[in-house]
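Engineer: This is the structure I have questions about; it appears just below.
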Amino acid sequence: MSGIGYQTLLDCRRRSRYLRQHGFTIDQIATILALDHPATPLRLYRHAAGLTATQTVNAFHRLADTAGAGLRESRLYDYENWPTTGRRPSLYALHLLARIYGTRPACLLTAAMLATYAPRDRDALRRTDA
């Protein structure tokens, strides 16, 4: 992890802990962190949860069914950097990451990102949100 990235994570952990102590939800914390850190919602939620990429990948593997594909840190970074670079996360990955971060899958995407998914997939995400 780069020095700047690690310092950002430490700052976000500190702020997230403080905000949780004051009753803020994970969704509110991610929104607040977005004010100071230009990043995708997926990365902001990881920071709001105070998790490193390694911790997230380990949690993903604990939740993943044996038939599901694994997740590497490099792929997590690809997901977090999309759509500028990287790779779009699958619905399966979004569902597991949302469980890890304590939010809904659609919260991990901006409206523009959500629009890139097929209508059937958008509906699946909306049903999950209901």
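Engineer: Skip the ligands, DNA and RNA, and give the accessible area per residue of the chain with a 1.4 Å probe, whole Å².
Structural biologist: Per-residue accessible area for the chain comes out at 55 Å².
Engineer: Calculate, in nm to one decimal, what Ala118 and Tyr18 gain on full extension: separation in residues at 0.36 nm each, minus their alpha carbon distance.
Structural biologist: Here the segment from Ala118 to Tyr18 would lengthen by 32.2 nm.
Engineer: Now for a separate question. How large is ³J(HN,Hα) for each residue in the stretch 78-83, as worked out from phi by the Karplus curve 6.51 cos²θ - 1.76 cosθ + 1.60 (θ = phi - 60°), to whole Hz, x for Gly and Pro?
Structural biologist: Coupling constants for the stretch 78-83: 4, 4, 5, 8, 6, x Hz.
Engineer: Residue farthest toward the positive end of the dipole of the chain, with Cβ of Lys/Arg at +1 and Asp/Glu at -1: which of Thr85, Ala49, Ala106?
Structural biologist: Of the candidates, Ala49 comes out farthest on the positive side.
Engineer: For the stretch 30-130, just say rounded, prolate or oblate: build the C-alpha gyration tensor, square-root its eigenvalues into a ≥ b ≥ c, call rounded for a/c under 1.5, and beyond that prolate if a/b exceeds b/c, oblate if not.
Structural biologist: Here the stretch 30-130 falls in the rounded category.
Engineer: What's the long-distance tail for the stretch 1-82, i.e. % of Cα pairs beyond 19 Å?
Structural biologist: 38
Engineer: Compute the helix-to-body angle for 26-36: its Cα long axis versus the longest principal axis of the chain, expressed 0 to 90° and rounded to tens.
Structural biologist: Computed tilt is about 60 degrees.
Engineer: I've got another one for you. Roll a 1.4 angstrom probe over the protein heavy atoms and tell me the percent of accessible area of the stretch 1-112 that is carbon or sulfur.
Structural biologist: Answer for the stretch 1-112: carbon and sulfur cover 54 percent of the accessible area.
Engineer: If you don't mind, another one. About its Cα centre, how strong a charge dipole does the stretch 36-128 have in debye, to the nearest 20, once Lys and Arg get +1 and Asp and Glu get -1 at the Cβ?
Structural biologist: Roughly 220 debye, rounded to the nearest 20.
Engineer: Here is a follow-up. On a full-extension model of 0.36 nm per residue, what is the gain between Ala64 and Asp78, subtracting their alpha-carbon distance, rounded to one decimal in nm?
Structural biologist: Roughly 3.2 nm would be gained on extension.
The values are calculated or read from the model by the stated rules, or taken from the named source; none is laboratory data. What you see is a predicted model, and the numbers here were worked out from it, not measured in a lab. Positions of Cβ are backbone-derived with ideal geometry, glycine not excepted, and every protein chain shown enters the neighbour counts. These area figures cover heavy atoms from the full protein model, side chains too; ligands, DNA and RNA do not enter into them. Shrake-Rupley method; radii C 1.70, N 1.55, O 1.52, S 1.80 Å.
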